[in-house]
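**Q** The following block contains the structure, expressed as structure tokens.
Every number in this text was worked out from the coordinates using simple rules, so none of it is lab data. These numbers come from a predicted model, not from an experiment. Here Cβ is always computed from backbone atoms with ideal geometry, including for glycine, and neighbour counts include all displayed protein chains.
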Amino acid sequence: MIALTFDTDWMHPDDLQRFFDEYPFPGTGTIFLHQPYRFLESTPHERCPHPLPVGPEDWKASIRRLLDELGLEPSGIRTHSAIHSHRLEMALYELGCKYTSNTSRLFERNVQPVRLAWGLWELPIYYMDNLDLTMEEYWREAGHKPLVPEVVAQALQDDALYVFDFHPVHITLNTPSLQYYLAHHAELKSGVSPFRLQHRGRGVGSLFKELCAAMGAAGLASVALRQVWASATDRLASVRSDAKRWEEKARG
């Protein structure tokens with residue numbers, strides 16, 4: 001099960017709309033938003049907030065403001081920089097959120113949804129472009145090489161959960177390295193379109209296209225995270241029902 005998700009940092013509405021026009025992908029995506037992008041309201045994609053939690057005393061209020069600005073009810077959430085803590089998860093539960101997608105199980109097989117203490121589900125991330133590009137710098141002893149095709153091949157080998165977290169800014173930049181992104185960050189902040197700064201060699205955009213092509217060839221479509229959450233809750237209900245039935249049978 002592949003879920004394509006997108007964090008919209010540093011994308012002007014015109015650039016994000018162009019991204020969806022020029023980088024089609026099979027199925028339904030989950031888009032994490034830090035601001036409204038009205039054109040997405042007429043698409044089948046799931047829309048969720050992408051807040052930056054400032055401090056524990058303001059978490060609920062700030063996330064509620066973003067939900068209101070986006071015109072959304074609480075469902076799924078991914079915070080900026082994947083910030084998470086027990087106190088934040090409690091606040092999200094009180095807001096009515098159903099799932100988060102913040103933790104990283106990078107490149108691992110057989111990743112599954114995890115039930116958190118307050119009833120939230122965590123849908124772990126299998127691949128994130130930012131982390132793929134920065135592991136070489138911040139975890140040097142791992143010998144990591146970014147943007148390898150094996151990331152795609154592994155996600156097609158079984159029915160486990162593979163949540164891909166892409167940033168459209170990295171896809172459109174075709175970011176090849178952390179250094180390339182940092183070299184152009186000031187231009188992006190000033191409003192220069194990432195399409196004008198696009199790298200011509202291999203980069204994140206190359207890997208994204210390879211993933212979409214492989215999914216198409218295999219007849220696979222991306223599922224929204226709300227579908228992953230619904231499937232997980234259905235399985236849990238089924239397990240509980242089976243357990244109750246066996247308990248009753250054992251009692252005679």
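**Q** Apply the Karplus curve 6.51 cos²θ - 1.76 cosθ + 1.60, θ = phi - 60°, to the phi angles in the range 81-94 and return the couplings in whole Hz, x for Gly and Pro.
**A** Karplus values, whole Hz, x for Gly and Pro: 6, 6, 5, 8, 7, 4, 5, 5, 5, 4, 5, 5, 4, 5.
**Q** Let me ask something else. Using 1/(1 + (r/R0)^6) with R0 = 22 angstrom and r between the beta carbons of Ile83 and Trp139, what's the FRET efficiency to the nearest 0.05?
**A** Plugging the Cβ-Cβ distance into 1/(1 + (r/R0)^6) gives 0.65.
**Q** Continuing with this model, one more query. Enter the angle in degrees (range 0 to 90, nearest 10) between the Cα long axis of helix 129-138 and the first principal axis of the Cα atoms of the chain, meaning the one along which they spread out most.
**A** 80
**Q** Still on this model: With only Lys, Arg, Asp and Glu charged, each at its Cβ (+1 for the first two, -1 for the last two), find how big the charge dipole of the chain is about the Cα centre; round to the nearest 20 debye.
**A** Charge dipole, the chain, about its Cα centre: 480 debye, nearest 20.
**Q** What do you get for the angle between helix 13-22 and the principal long axis of the chain? Use alpha-carbon atoms, 0 to 90 degrees, nearest ten.
**A** 80
**Q** Pairs of alpha-carbon atoms within less than 8 angstrom and 6+ residues apart define the contacts here; what relative contact order does the range 2-225 have, in percent?
**A** Once divided by the residue count of the range 2-225, the mean separation gives 27 percent.
**Q** Tell me, in nm to one decimal, what length is gained between Val148 and Phe39 on full extension, where the rule is 0.36 nm per residue of separation less the Cα-Cα distance?
**A** 35.9 nm
**Q** Given H placed on each backbone N at 1.01 Å, which residues far from Arg47 in sequence or on other chains put an amide H within less than 5 Å of it?
**A** Amide H to amide H, under 5 Å and 5 or more residues apart or across chains, Arg47 pairs with Ile31.
**Q** Could you order the peptides 97-105, 11-19 from most to least packed, using the average number of other C-beta atoms within 10 Å per residue?
**A** 97-105, 11-19
**Q** Enumerate the amide H contacts of Phe166 below 5 Å, restricted to partners 5 or more residues apart or on another chain; note that Pro and chain-start residues carry no placed amide H.
**A** When sequence neighbours closer than 5 places are left aside, the close amide H contacts are Thr5, Phe6, Asp7.
**Q** Still on this structure, please answer the following. State the antiparallel share, in %, of DSSP beta bridges confined to the chain, rounding to the nearest 5.
**A** Looking only at bridges with both residues in the chain, the antiparallel portion is about 10 percent.
**Q** Using the Karplus curve 6.51 cos²θ - 1.76 cosθ + 1.60 with θ = phi - 60°, what ³J(HN,Hα) values do you get for each residue of the range 174-180, in whole Hz, with x for Gly and Pro?
**A** Result, ordered by residue: 6, 4, x, 6, 4, 4, 5 Hz.
**Q** For the range 6-56 and the range 111-129, what is the separation of their C-alpha centers, rounded to whole Å?
**A** Here the two parts' Cα centres lie 20 Å apart.
**Q** Between helix 59-70 and the chain, what is the angle of the helix's C-alpha long axis to the longest principal axis, kept within 0 to 90° and rounded to the nearest 10?
**A** Tilt of helix 59-70: around 70 degrees.
**Q** If you don't mind, there's one more thing I want to ask. Once phi is turned into ³J(HN,Hα) by the Karplus curve 6.51 cos²θ - 1.76 cosθ + 1.60 with θ = phi - 60°, what whole-Hz value does each residue of the range 23-28 show in order, with x for glycine and proline?
**A** Once rounded to whole Hz, the list reads 10, x, 9, x, x, 10.
**Q** Shifting gears a bit: How much of the DSSP beta bridge set in the range 74-189 is antiparallel, as a percent to the nearest 5?
**A** 20
**Q** From the helices alone, meaning DSSP H stretches of at least four residues, give me the mean residue ellipticity at 222 nm for the chain, per-run term -39500 (n - 2.57), in deg cm²/dmol to the nearest 500.
**A** Rounded to the nearest 500, it is -13000 deg cm²/dmol.
**Q** Next question, about the same structure. So if each residue of separation counts as 0.36 nm, and I subtract the Cα-Cα distance between Val54 and Lys189, what length gain in nm does that give?
**A** 46.5 nm
**Q** Would you work out if the range 2-225 is rounded, prolate or oblate? Take a ≥ b ≥ c from the square roots of the eigenvalues of the alpha-carbon gyration tensor; rounded if a/c is under 1.5, else prolate when a/b is larger than b/c, oblate otherwise.
**A** Because its axes are fairly even, with a/c under 1.5, the range 2-225 counts as rounded.
**Q** Same structure again: Rounded, prolate or oblate for the range 83-199? Axes are the square roots of the Cα gyration tensor eigenvalues, ordered a ≥ b ≥ c, and the cut-off for rounded is a/c under 1.5.
**A** Oblate, because a/c is 1.5 or more while a/b does not exceed b/c.
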